[in-house]
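The values are calculated or read from the model by the stated rules, or taken from the named source; none is laboratory data. Since the structure is predicted, the reported quantities are computational estimates derived from the model, not experimental observations. When we count neighbours, we look across all protein chains shown, and the Cβ atoms used for this are built from the backbone with ideal geometry, even at glycine. For accessibility, only protein heavy atoms count, side chains too; no ligands or nucleic acids. Shrake-Rupley method; radii C 1.70, N 1.55, O 1.52, S 1.80 Å.
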Amino acid sequence: MQNRSLYRYNGFMQEVLAQYKYRGDAALAEVFAPELARLGRSFARGYTAVPVPLAPDRLLERGFNQAALLAAGLRPREDLLVRTGTTAGKQSKRGRNARLASVAGCFAAKAQAPGEETVSWGELKIVLVDDLYTTGATLQSIGEVFYQKGVKDVRALTLARAGDVADIDS
């Protein structure tokens, strides 16, 4: 799956994301959403933006879905994904293999494709939107859900990415 990120996940971005996600500073999305939308227009023109849903307990805890706020500037934007399970703890505390295992079966596509009834899953190209790409486990798992529905292509757009280069393919 191709991924593009605005920033490298370094010490500064770690602090910014902690402020955003864990300390409830949802207004930070207003700073990043326009830049993410600009990147999305060049990287995923013609794609439907789908924010990664939060587990209900995380949504209750934070009061907002950070991915949905980041996706606000992308059009078209659809909530085509539902969270069907939880990961029993934070992904940030796990290694790659544990992350992959923990997200298996946690997501499902909604019963029907968006828009007009004539739109089929096979006509869609989707760009997943999330705040952070570390191992790619969550995004890969969701990509598989959409590919099983027959979606043409799935890409990912994230605010930050762990590793040496921010704007790279995976």
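From the list Ala55, Ala27, Ala37, which one is of a type in the set (Gly, Ala, Ser) and touching a helix residue (DSSP H, G or I) at 6+ places or on another chain (Cβ under 6 Å)?
Going through Ala55, Ala27, Ala37 in turn, the sole match is Ala37.
From the residues in the stretch 118-139 that are assigned to a helix (DSSP H, G or I) and more than 10 Å from the chain's Cα centre (by Cα), which one is surrounded by the most Cβ atoms within 10 Å (Cβ to Cβ)?
Ala137
Look at the stretch 74-100 and say how many of its residues are farther than 13 Å from Val145 by Cα, modelled with pLDDT of 65 or more, of a type outside the set (S, T, N, Q) and open to solvent by 40 Å² or more (accessible area, probe 1.4 Å).
Total meeting the criteria: 5.
Could we say that Glu61 is over 14 Å from the mean Cα position of the chain (by Cα), modelled with pLDDT of 95 or more and acidic (Asp, Glu) here?
So Glu61 fails the test.
Do we find that Lys149 is open to solvent by 70 Å² or more (accessible area, probe 1.4 Å) and at pLDDT below 90 in this structure?
No: the conditions fail for Lys149.
Keeping to the stretch 36-52, report how many residues are of a type outside the set (A, V, I, L, M, F, W, C) and either under 13 Å from Asp131 (Cβ atoms) or part of a strand (DSSP E or B) (or both).
Result for the stretch 36-52: 2.
Taking Ala18 as the residue in question, decide whether it is free of Cβ contacts under 8 Å to residues at least 12 places away in the same chain and open to solvent by less than 50 Å² (accessible area, probe 1.4 Å).
yes
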